[in-house]
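The values are calculated or read from the model by the stated rules, or taken from the named source; none is laboratory data. Computed from a prediction, not measured in an experiment: that's the story for all the values here. Ideal geometry is used to build each Cβ from the backbone, glycine not excepted, and the neighbour counts take in all protein chains shown. The protein model used for the area step is the full one, side chains on, heavy atoms only, and it has no ligands, DNA or RNA in it. Shrake-Rupley method; radii C 1.70, N 1.55, O 1.52, S 1.80 Å.
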Amino acid sequence: MQDNAFDVVIVGGGMVGAALACGLAAQRFRVAVIERSEPAVFEATSAPDVRISAIGSASVDLLKQLEVWPRVMAMRSAPYRKLETWEWQSAHVTFDAASLGLPELGYMVENSVLQRALWEQMQAQGITLLCPEVLQQMQQHNGGWHLGLVSGKQIETRLVVGADGANSQVRQRAQIGVHGWSYAQSCMLISVSCEHAPGDATWQQFTPEGPRAFLPLFDNRASLVWYDSPARIRQLQSLPMPQLEKEIARAFPARLGRIHATAAASFPLVRRHATRYVLSGLALIGDAAHTINPLAGQGVNLGYRDVDALLDVLVAARDQAEEWHSETVLLRYQRKRQRDNGLMQAGMDLFYFSFSNRLGPLKVLRNLGLIAAEHSGVLKRQALRYALGL
């Protein structure tokens, strides 16, 4: 095969695209990845990335299969074993790993750590990394796709995969539409040092303005997540760190204790779902196909479910001597994932809209719902297993 011809070209070498590349290369597909910039080399003394992902146990299993997880563990991660949520203190729901017979529910991992671990694994597998590089044009050609890059390089592929995020160029160039809207909230991520060890419980308190969440990290480090109106988040983002700390003390529950804020970032909350995930020789995965309210930290985990499903479909079709990049085959991936992603989006929307409503009767109902959930036994465990992808 020519050095500019591939079985699969993945546009976007982030947490989801790189995972797919590792899985396909392990199955002897000829893979190239187009990425704007190489992730920074990990430094053990560096401050934590403000962007954190809660990697569920099913996603951890996938990363172990891809031989990426040992690289993550050699850098930095923090297990979490409990997940607590409440609005009223008397309506407190706790999910714990022991109830499912698991050593942990998952791990808090900095996005930069996961991206670097995946990048090093791609290098180790000899995957063609076109970086720094940007997709400039794409057109269908001879049953596949012809891609033009900003450097002037031209490549051919049987399958192009859009793993290039919520504003996917692949999706837009393929003229695939999206359904979606912006929520009436923004989200602020704050890196903090705590006076006490953060422990192994992640928690989320609902307030009329939006949730407040706590993600435990390594040493005495943690990440806070603050949902509020866009105007309020802009105002918080403009504050010097000492003033932000005072606002945190007022807004977060007392169990947080004293903290020292070291970094902050914010982003608007947007929900999008592609009208279709596939065309002949083209597939969308991760945020290119769907974005979700980050309320339960499910974004990257849904992306890893996409990776798992697409790997299964492509490998099975190739092993059956089918035309594995055909629309007929790729529609099997769409059927596997589009409904599941839509259900998760709808579930997060239901949670979001019910808890962002100030109506007194609804407040009572949702807290009664949390009390019922805490005492639902098998149903509670089933909900947790679904969220973890088990």
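Within the stretch 25-64, the set of residues being more than 28 Å from Met188 (Cα to Cα) and out of contact with any helix residue (DSSP H, G or I) (no Cβ under 7 Å at 6 or more places or on another chain) comprises Ala25, Ala26, Arg28, Phe29, Arg30, Ala32, Ile34, Asp61, Lys64. Selection of the stretch 202-216 for residues being outside any loop (DSSP other than H, G, I, E, B) and more than 14 Å from Leu189 (Cα to Cα) yields Thr202, Trp203, Gln205. State whether one or more residues within the stretch 233-248 are open to solvent by 30 Å² or more (accessible area, probe 1.4 Å), at pLDDT below 95 and of a type in the set (Lys, Arg). Among the residues of the stretch 233-248, not one is open to solvent by 30 Å² or more (accessible area, probe 1.4 Å), at pLDDT below 95 and of a type in the set (Lys, Arg), which makes the answer no. Whether a residue is modelled with pLDDT of 85 or more, crowded, with 17+ Cβ neighbours inside 10 Å and not in a loop (DSSP other than H, G, I, E, B) was assessed, and Lys363 does not pass this test.
Among the residues of the stretch 107-129, those identified as under 23 Å from Phe6 (Cβ atoms) and either under 14 Å from the mean Cα position of the chain (by Cα) or not in a helix (DSSP H, G or I) (or both) are Gln115, Gln125, Gly126, Ile127, Thr128, Leu129. For the stretch 12-41, residues that are out of contact with any Pro (no Cβ under 8 Å at 6 or more places or on another chain) and either over 20 Å from Gly299 (Cα atoms) or not aliphatic (A, V, I, L, M) (or both) total 20.
With aliphatic (A, V, I, L, M) and modelled with pLDDT under 95 as the only criterion, which of Ile52, Ile34 stands out? Even if it seems obvious, please write down each step before you answer.
Details: Ile34 fails: modelled with pLDDT under 95.
None of the other options fit; the residue is Ile52.
State whether the residues of the stretch 186-193 include one that is touching a residue at least 60 places away in the same chain (Cβ under 8 Å), more than 26 Å from Arg36 (Cα to Cα), in contact with a strand residue (DSSP E or B) (Cβ under 6 Å, 6 or more places away or on another chain) and open to solvent by 10 Å² or more (accessible area, probe 1.4 Å). Looking for residues that are touching a residue at least 60 places away in the same chain (Cβ under 8 Å), more than 26 Å from Arg36 (Cα to Cα), in contact with a strand residue (DSSP E or B) (Cβ under 6 Å, 6 or more places away or on another chain) and open to solvent by 10 Å² or more (accessible area, probe 1.4 Å), one finds at least one in the stretch 186-193, hence yes. Just one of the listed residues (Gln137, Gln115) is at pLDDT 95 or above and open to solvent by 60 Å² or more (accessible area, probe 1.4 Å), namely Gln137. Checked against (1) of a type outside the set (Ser, Thr, Tyr); (2) surrounded by fewer than 21 Cβ atoms within 10 Å (Cβ to Cβ); (3) in contact (Cβ under 8 Å) with a residue 24 or more places away in the chain; (4) in contact with a strand residue (DSSP E or B) (Cβ under 7 Å, 6 or more places away or on another chain), Arg258 passes all but condition (4).
Take Gly162 and decide whether it is open to solvent by less than 40 Å² (accessible area, probe 1.4 Å), among the small types (Gly, Ala, Ser), within 30 Å of Val41 (Cβ to Cβ) and at pLDDT below 95. Before you say what the answer is, go through the steps one by one.
On the way: open to solvent by less than 40 Å² (accessible area, probe 1.4 Å): yes; among the small types (Gly, Ala, Ser): yes; within 30 Å of Val41 (Cβ to Cβ): yes; at pLDDT below 95: no.
Judged against the criteria, Gly162 is not a match.
In the stretch 165-177, the condition of being in contact with a Gly (Cβ under 6 Å, 6 or more places away or on another chain) and open to solvent by 40 Å² or more (accessible area, probe 1.4 Å) is met by no residue. Only one entry of Ala25, Ala78, Ala54 meets the criterion of being touching a Gly at 6+ places or on another chain (Cβ under 7 Å), open to solvent by less than 30 Å² (accessible area, probe 1.4 Å) and in contact (Cβ under 8 Å) with a residue 60 or more places away in the chain, and that entry is Ala54.
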